[in-house]
Amino acid sequence: ILIQAVNGVSLGRYGNNPTRDVAIGRKVQFTSASTSTNFNTDTLTAIMFFVNTSGGNVTMTLSTPDRIAGNFFIVKRTSSNNSLIIVPATGKIDGGASFTMSGALNGGGNKGAIIISDGTNWFTVGAQ
């Protein structure tokens with residue numbers, strides 16, 4: 001991830017993938033992807049994922065946590081039907097083998113979360 005000020009001054013960088021830029025200024029921009037099928041975060045350049053589970057359960061496989069320590073993904077479930085199952089390639093997520101987002105979007109179900117790595121495991125922040 002490359003973090004740049006609006007005038008182009010580099011503030012930080014992870015990796016060599018310029019498609020994962022974050023511009024800091026009046027707004028923050030993230031690359032995003034929409035999907036309704038199983039996916040692996042290693043194979044996509046997005047940071048934010050909109051996941052449609054209306055056709056069935058979808059599994060999101062996270063990169064190994066040591067690969068992107070301190071970095072994050074944002075995930076948003078866009079359908080009340082079925083579940084989004086988040087599975088780390090290695091390590092744990094919130095102390096377990098997986099994290100499931102399910103339930104009604106307008107009720108008590110999981111709608112979205114920020115998922116961050118500490119280099120060993122994954123954690124959800126603000127999961128609702």
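The values are calculated or read from the model by the stated rules, or taken from the named source; none is laboratory data. Keep in mind that this is a model prediction, so the values were computed, not measured. Counting neighbours? That spans all protein chains shown, and the Cβs are built from the backbone with ideal geometry, glycine included. Surface accessibility is based on the protein's heavy atoms, side chains included, excluding ligands, DNA and RNA. Shrake-Rupley method; radii C 1.70, N 1.55, O 1.52, S 1.80 Å.
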> If you go through segment 27-57, how many residues are in contact with a Ser or Thr (Cβ under 6 Å, 6 or more places away or on another chain), open to solvent by 20 Å² or more (accessible area, probe 1.4 Å) and under 19 Å from Pro88 (Cβ atoms)?
Replying inline: 5
> Could you give every pair whose Cβ atoms fall below 9 Å, whose first residue belongs to segment 58-76 and is more than 12 Å from Asp118 (Cα to Cα) and open to solvent by 30 Å² or more (accessible area, probe 1.4 Å), and whose second residue is assigned to a helix (DSSP H, G or I) and among the β-branched types (Val, Ile, Thr), counting only separations of at least 6 or pairs across chains?
Replying inline: Thr61/Thr41
> Looking only at residues in segment 90-110 that are in contact with a strand residue (DSSP E or B) (Cβ under 6 Å, 6 or more places away or on another chain) and assigned to a loop (DSSP other than H, G, I, E, B), which one is least open to solvent (accessible area, probe 1.4 Å)?
Replying inline: Asn110
> Mind checking which pairs have a first residue in segment 101-119 that is over 16 Å from Leu84 (Cα atoms) and a second that is exposed (fewer than 14 other Cβ atoms within 10 Å of the Cβ) and modelled with pLDDT of 85 or more, Cβ under 8 Å, 6 or more apart or different chains?
Replying inline: Ile116/Val125
